[in-house]
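Some notes on the structure that comes next.
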Amino acid sequence: MKPKIDLPFETLSWIGGLDGHVQMLEQTLLPLQEVQLEVRTVPAMVDAIYRLAVRGAPAIGVAAGYGMALGVQAAGPGEVLQAARTTKATLDASRPTAVNLSWATNRILRHLEALAEAGPGVTDHQLKQAVLDEAHAIYHGDQDTCRRMGEHGAALIGDGHTVLTHCNAGALATAGMGTALAPIYTAHAQGKRVAVFADETRPLLQGARITTWELMKAGVEVRLITDGMAARVMGEGKIDAVFVGSDRIARNGDVCNKIGTYGVAISAHHHEVPFHVVAPLSTVDPALESGEQIPIEERPAEEITEGFGDRTAPPGAQVYAPAFDVTPAALVTSIITEVGVIERPDTAKLEQALRAGGVSF
Ligand code: MRU
């Protein structure tokens with residue numbers, strides 16, 4: 001019998017039919033308020049993605065898929081394809097690093113183009129329905145992918161293990177049970193005793209606000225630490241493995257994830273703690289040979305100097321605010337995908353996994 005994993009919240013979903021809208025948990029207000037945000041237009045979706053109301057690479061992909069459905073809703077006769085192209089360009093520009101966003105909009109646009117080319121008999125209504133159907137397929141596919149990654153990753157977690165995670169790569173970062181947290185939820189449901197140390201994740205505190213929130217809701221033991229404590233905790237021998245997610249993985253296995261992940265990987269390497277990355281194949285960007293080519297989002301200085309209202313730096317202080325960093329493949333013990341575990345990733349192994357997942361590159 002499969003272990004049952006019930007999470008008492010939904011990250012985002014589509015409400016209604018062709019003229020429907022997106023409902024999402026407004027993540028900027030967590031953990032103090034649980035507010036549902038209704039998103040009915042493309043600009044509202046861009047805003048939600050940029051503000052991190054919805055965040056985490058797979059969830060951004062799912063949101064962008066539904067954004068495409070919103071973008072073609074009002075398209076006039078013969079204008080569906082053009083509306084989809086314009087919407088894709090607008091959504092793709094909302095955040096640059098997580099490749100799942102353009103992966104999802106690409107997938108929908110390619111699907112639509114193939115249908116439109118199939119002949120003049122295809123109606124605008126059918127084209128709009130095809131966009132929504134494909135967005136739903138991305139949503140359900142993500143749930144299934146999370147479940148598979150959870151099963152592969154749980155095999156690496158022993159009874160009584162303590163793992164460390166950075167940022168939030170849980171249910172709130174996907175349409176399913178998460179990437180990095182999926183093995184933890186699965187191991188927990190299998191009856192293994194598993195505990196988590198969660199880095200708070202400066203500056204937007206996805207670890208403190210979101211990871212602790214969802215693990216506590218799921219009944220998984222979690223202890224919050226500041227980012228600077230991770231090396232100390234590993235040095236104390238408290239961590240059996242690190243599990244993180246990713247926003248983009250280059251073909252050679254270099255892994256881009258939330259700022260601070262690289263430092264965690266260096267610490268893990270130094271302390272001989274396995275460093276696992278859990279990510280769907282939609283996070284692999286086969287067009288990039290190495291992590292140096294990954295575009296790194298820079299966020300407004302205010303997120304560091306007055307992130308949650310209170311000023312914590314002198315007015316006028318200069319700030320550098322990259323939101324992501326790149327961990328070289330040499331520091332990665334494994335990448336756990338829906339098609340299995342890639343140990344000590346390199347270009348040949350990544351390409352093999354892409355082929356196994358039916359991804360053309
Ligand atoms: O800026 P965010 O909150 O979107 O960053 C999220 C992360 O870095 C996650 O670790 C990554 O997207 C993987 S989520 C399954």
Quiz item: Which number in (1) in contact with a His (Cβ under 8 Å, 6 or more places away or on another chain); (2) in a helix (DSSP H, G or I); (3) surrounded by fewer than 17 Cβ atoms within 10 Å (Cβ to Cβ) marks the one condition that MET229 misses?
Solution: (1)
Practice problem: Test GLY67 against the criterion of being within 14 Å of the ligand (Cβ to nearest atom), under 22 Å from the mean Cα position of the chain (by Cα) and of a type outside the set (A, V, I, L, M), and give yes or no. | Solution: no
Quiz item: Quick check, is LEU18 away from the ligand (no atom under 16 Å from the Cβ), in contact (Cβ under 8 Å) with a residue 60 or more places away in the chain and outside any strand (DSSP E or B)?
Solution: yes
Quiz item: In the list HIS111, HIS136, which residue meets the criterion of being farther than 19 Å from THR41 by Cβ, more than 16 Å from the ligand (Cβ to nearest atom) and without any contact (Cβ under 8 Å) to a residue 24 or more places away in the chain?
Solution: HIS111
Quiz item: Within the group SER246, SER282, which residue is outside any loop (DSSP other than H, G, I, E, B), out of contact with any His (no Cβ under 9 Å at 6 or more places or on another chain) and either closer than 30 Å to GLU351 by Cα or not assigned by TED's automatic domain parsing to the domain that holds GLU338 (or both)?
Solution: SER282
Self-check item: Residues being near the ligand (Cβ under 9 Å from one of its atoms) and among the small types (Gly, Ala, Ser) - total across segment 144-181
Solution: 5
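Take the residues in segment 83-97 that are polar (S, T, N, Q) and within 16 Å of the ligand (Cβ to nearest atom), then tell me which one is farthest from ASN257 (Cα to Cα).
Here the answer is SER94.
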Self-check item: Unmet criterion (only one of (1) crowded, with 23+ Cβ neighbours inside 10 Å; (2) more than 14 Å from the ligand (Cβ to nearest atom); (3) in a strand (DSSP E or B)) for VAL222
Solution: (1)
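The values are calculated or read from the model by the stated rules, or taken from the named source; none is laboratory data. All figures in this text were calculated on a predicted structure; none of them were measured in a lab. Cβ: placed from backbone, ideal geometry, glycine included. Neighbour counts: every protein chain shown.
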